[in-house]
Structures are given as structure tokens and as C-alpha cells.
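Read the figures in this text as sums done on the coordinates, not as results from a lab. Computed from a predicted model, the values in this text were never measured in an experiment. FYI the Cβ positions are ideal-geometry reconstructions off the backbone, even for glycines, and counts take in every protein chain you see.
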Amino acid sequence: MQMHRQSLTAYGEPLCETVAGVPQPQGSEVLVRIERCGVCHSDLHMQDGYFVLGGEKKLDVRTGRTLPFTLGHEIAGKVDSAGPDAAAKSGSRVAVYPWIGCGQCAACKVGDENICSSPRHLGITVDGGYATHVMVPHPRYLIDYAPLSPGYAAALMCSGLTAYAALRRLADHAARAPLLLVGLGGVGLMGLALARAMYGAAPFVADIDAKKRTAALAAGAAEAFDPADPNSRKALLKASGGIYGVCDFAGSDASLNFATGVLAKGAKVVVTGLIGGSYTTAVAMFALKAMTIEGTQTGTLAEARALIDLVRTRDIAPPPIAERPLGQASTTLDDLRAGKIVGRVVLAC
């Protein structure tokens, strides 16, 4: 048997189709036949081979990855086969938790595999989901997602999980007043639906793209603001009285400056976005405003399971999700880079 992949063969270049033999699972491994794989903004950084740190500085992420390499970490599919030590039923429909750790470091020992010091993250450090098959090291990383659609389940493994984990860190602040969500890509729109379900109040939202602001208002946002508009900060402060909790899903110097510019005393910003840039502020402002800026990276396996249960129990509607064939992986990355996608695109593998 052969598996087909859309592979990174050179950094900064379009993906190419590659073909390889289907691996046979050993020990506790499970081979999953992929049905859907989401296209995430972080895949652009993997394709480029670097993250932007601000100015001319870049974080090179090409080391330790053998080309051709298969991107994609938002994966849902069916169990194809399993090793002799894996308790996995063939044909089971599963979402794949991709943030797999070494199991030995301090982070892994407390369940934080998503920030493992020697990660085995699917589509990041080992081959991922822009393919017909993926190998998962243990069945504990497989989550039953019924009755959700496979495209929705796939997107929950990164965009949903990232938003959920960030929102959880703002629970105390959300009890004071509605949150602000900055950046309305796939993660931000997912966060909008989750915030309304988790905290019972429509959040304020901000994005420089008018189409995304319109989509957010249609999805139930309280009010939408354009951070590039010099009047938006004053308008948001008037509407909110000051923001106590912000999720920055963009992660740029502009988005973080906007977020911190509308904070009330005692407020907190959680940054998940990876667009890049640098941020500076007077050190005294941390104490004078009693503010917190915290970074998060996706979420834990326990949070992924809790998220699936929440979405299932509360019947949370998905953000806009469009499906494209696997062969359009590279053009989809181009569209994402150009800001042409509202919501999420998942590849039908």
C-alpha cells in the first residue's frame, strides 16, 4: 500500500506531492487513515522555516526536520490498524491530539506535553496530516468525536484547543466583564463561540479585516472594532468601561499594543498568536496597572478531551469551515497567507 502526501521539499517553496509506503504500526502505535486535516496559520511558519521576532530578527525552525516533510496537525480520521500493544478498534472515528511529548521531561510528567522540551508534535517535528495516513504513537492520543463532523473535530485539535486553553486562563477576569478577542482568524472565530458558551456573555472583538469583523458580528460578538482606526481605542473604552481580559489571537506588535491599551487595572492578556514582531512598554506599567501578559501554546491532552465534551454537550456551532481536496494544500496556504480565508479550511484527504 502507498500513502500520498503534500510535502514540504524546500523551505519557502510550494508543497509537492510525494508517495511513500504505508508504515506498519509496531508496539502501541496506531495507524490512522486521515479523513480531514485543517490548515493552520502556524503551517505558514513551518513552510517558511522561521518565525518573525521583530525588526530583522528571525527564529530559524529548520533544524531537526528531514525533508520531504509533511505538515498538518489538525487531524481527524479512522483507525486503520494498530500494533499488538495498542487497544484501538479498527474503523473507529477519532480526532488525533497532535501535541505529543517525550513523556520524560518535567512538563510531560505533569501532563503538559504541548510544551515538552523534546516534542514529537505531529506536523511540526514529525510527519503530520497533509497525507492519507499518519502514525500515532499510542491510542491515548485518539479522541472519539461523535457526533461532530470530521472537519470540525480536526479544527478543534488546534484552533479550538488553542482558544479554549487561552480562555480558561481568563475565567476570573471573565467573571468581571466581557472579554476582548483580538484577531478573528480560525482561532479567533472559534474562540468567539467558545467564549459565549463558557462565560455566558458576548465578547468584544477586534480585527483589521472588515470581512472578519462582519463574520464575528454575525456569530454573536457584542461589538467589533478596527485596531487600525485611531478612534477604536476610545470607542472600545467607552463601550466597555475598560477591559479585564483579552485573548490576543494575532500575536503581533500592533495587536498586543491595542490589547494593552484598553486594559483596566488588574487586567490580563493571554497571547496565543504567532504573527510576530516585538513589544515594549514601561516596566512600571506592570505594577501601576497590575496587569499580566501571559503566553500559551495550544493545550494539554486533558484540555482537548474537555473541549470535545464541551462542544458536544453545549452543541456549540462551528465557525465557517470550508473543505478542499488534499491536492490544494499549497494553494490553500497561499490563500491563508494573503488573508483570503475567513474561518478554517480543512483538507479532505
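Listed values, structure above:
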| read-out | value |
| --- | --- |
| In range of the label at VAL61: residues from the stretch 257-292 whose backbone nitrogen is under 11 Å from the point 7 Å along Cα→Cβ | 274-276 |
| Calculated from backbone phi, Karplus (6.51, -1.76, 1.60) coupling profile of the stretch 78-90 in Hz, x at Gly/Pro | 10, 5, 8, 7, 9, x, x, 9, 10, 8, 9, 8, 4 |
| Prolate/oblate/rounded call for the stretch 276-349, Cα gyration tensor, a/c under 1.5 rounded | oblate |
| Built amide H within the under 5 Å cut-off of HIS4, gap 5+ | THR132, HIS133 |
| Cα gyration tensor shape for the stretch 106-170, rounded if a/c is under 1.5, else prolate or oblate | oblate |
| Long-range HN-HN contacts of MET291 with modeled amide H, under 5 Å | GLY266 |
| Span from the the stretch 317-333 Cα centroid across to the the stretch 85-139 one, whole angstrom | 23 Å |
| Long-range amide H partners of VAL270 with built H, under 5 Å | VAL246, CYS247, ASP248, GLU294 |
| Computed magnitude of the charge dipole of the chain (debye, nearest 20; Cβ of K, R +1, Cβ of D, E -1) | 720 debye |
| From phi via Karplus (6.51, -1.76, 1.60), per-residue ³J(HN,Hα) for the stretch 249-259 in Hz, x at Gly/Pro | 8, 8, x, 10, 4, 5, 5, 6, 4, 5, 4 |
| CYS37, CYS108, CYS102 arranged by Cβ crowding within 10 Å, fewest neighbours leading | CYS102, CYS108, CYS37 |
| Greater than 32 Å apart at Cα, pairs in LYS89/LYS109; LYS211/LYS268; LYS58/LYS78 | LYS58/LYS78 |
| For the chain, calculated [θ]222 nm from helices alone, where every DSSP H run of n ≥ 4 adds -39500 (n - 2.57) | -7500 deg cm²/dmol |
| Range of Cα positions in the stretch 170-295 per principal axis (Å), largest first | 40, 30, 26 |
| Least to most buried among TYR279, TYR152 (fewest other Cβ within 10 Å first) | TYR279, TYR152 |
| Overall form of the stretch 1-138 per C-alpha gyration tensor (a/c, 1.5; a/b vs b/c) | oblate |
| Contour minus Cα-Cα distance for ARG140 and VAL283 (0.36 nm per residue) | 47.1 nm |
| Signed unit charges on C-beta, dipole axis of the chain, positive-most listed residue TYR152, VAL134, GLY123 | TYR152 |
| Entry for mean projected area of the Cα convex hull in nm² (calculated from the structure that is shown) out of (1) 17.2; (2) 15.7; (3) 18.9 | (1) |
| Local net charge near VAL346, Cβ-Cβ under 12 Å (Lys/Arg +1, Asp/Glu -1) | 0 |
| Student exercise, the stretch 238-336 dipole from Lys, Arg, Asp, Glu Cβ charges, in Debye to nearest 20 | 460 debye |
| Where labels lie 7 Å past Cα in the beta-carbon direction, separation of ASP334 and ALA218 in nm | 2.6 nm |
| Least to most buried among MET198, MET46 (fewest other Cβ within 10 Å first) | MET198, MET46 |
| Contact order normalised by residue count of the chain, Cα under 8 Å, 6+ apart, percent | 19 percent |
| Spin-label pair LEU44/ARG305, simplified geometry with 7 Å Cα→Cβ offset, distance in nm | 3.5 nm |
| ³J(HN,Hα), Karplus 6.51/-1.76/1.60, whole Hz, each residue of the stretch 332-343, x for Gly, Pro | 5, 4, 4, 5, 5, 4, 7, x, 8, 9, 10, x |
| Beta bridges per DSSP with both ends in the chain, % antiparallel, nearest 5 | 60 percent |
| The stretch 169-191 residues near the modelled ARG314 label - backbone nitrogen below 11 Å, point 7 Å along Cα→Cβ | 191 |
